[in-house]
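Some notes on the structure that comes next.
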Amino acid sequence: MKTSRQVHSATFSTDLDLHYLGLLKAKAPYEQCKRELLKLEKHWRQKAKTTAQRLAVQRTIASTILTEAYGNRLPWQEFGRWLRRIQQLGFRDLGMRVHVACLYVQSLHLFPRQANAAWGVLQDTERRVRRLRRENPLREEHLEAIAHAKKVARVPSPLLR
């Protein structure tokens, strides 16, 4: 039997997937995509029964918009806004932290002044991942994502100099 939390998240996830897929198929510009996702967030925050559900909706939408900002190669003003939003809301799990840290480092060529902060976030994230037990399958997956981000980053780490 599913709990109300599982039903809520499955329904929200399905709704988000359908909306987002529609936006991608329509090749919607970033501003339209952001507007539609924020409308969806408002709708689901109103339907949420608990603070935890509202927070989960906010985190997921902020992460999706950050990914869109990255994909559209937007400047720091927009990318940074959503990065700060996710950091304020807190990360849902280590996977979200890895995703955000990797996007941040990989987009530094657009805003190289953020290099110290971005590489610091990636370094902190890598430390957290390394604390996972070696037999945890997510450990290797996250380390591979971090290694890839380091490899493709166009701005080198000032922390290694």
Expressed in angstrom, Rg and Dmax over the Cα atoms of the chain are 16.7, 55
On the accessible surface of the chain, probed at 1.4 Å, how many percent belong to carbon and sulfur atoms? 52
Quick check on the chain: helices-only [θ] at 222 nm, where DSSP H runs of length 4 and up contribute -39,500 (n - 2.57) each and the sum goes over total residues. Nearest 500, please. -25000 deg cm²/dmol
Which order do 93, 17, 124 take by accessible area at a 1.4 Å probe, largest first? 17, 93, 124
For the range 119-161, what is the Kirkwood hydrodynamic radius in Å, using each pair of distinct C-alpha atoms? 11.0
If each of residue 130 and residue 47 carries a label point 7 Å out from its Cα toward its Cβ, how far apart are those two points in nm? 4.3
I'd like the distance separating the alpha-carbon centroids of the range 30-71 and the range 90-108, in whole Å. 17
Please count, across the chain, the pairs of lysine residues with Cα atoms under 29 Å apart that sit 8 or more places apart or on different chains. 17
Please get the size of the charge dipole for the range 1-101, origin at its Cα centre, with Cβ charges of +1 on Lys and Arg and -1 on Asp and Glu, quoted in debye to the nearest 20. 300
Note down the magnitude of the dipole of the range 67-115 about its Cα centre, charges +1 on Lys and Arg C-beta and -1 on Asp and Glu C-beta and zero elsewhere, to the nearest 20 debye. 120
Using alpha carbons only, how many degrees (0 to 90, rounded to 10) separate the axis of helix 76-89 from the longest principal axis of the chain? 70
For the range 19-87, what is the accessible area per residue in Å² when the probe is 1.4 Å? 57
Go through 19-28, 102-111 and give me the packing order, highest mean Cβ count within 10 Å leading. 102-111, 19-28
Quick check: residue separation of residue 81 and residue 39 times 0.36 nm, minus the Cα distance between them. What number comes out in nm? 13.3 nm
Could you order peptides 148-158, 74-84 by the average number of other Cβ atoms within 10 Å of their residues, highest first? 74-84, 148-158
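The values are calculated or read from the model by the stated rules, or taken from the named source; none is laboratory data. On a predicted model such as this, the values are computed, not experimentally measured, just so you know. All Cβ positions, even for glycine, are placed from backbone atoms using ideal geometry, and neighbour counts span all protein chains on display. What goes into the accessible areas is simple: the full protein's heavy atoms, side chains included, and nothing from ligands, DNA or RNA. Shrake-Rupley method; radii C 1.70, N 1.55, O 1.52, S 1.80 Å.
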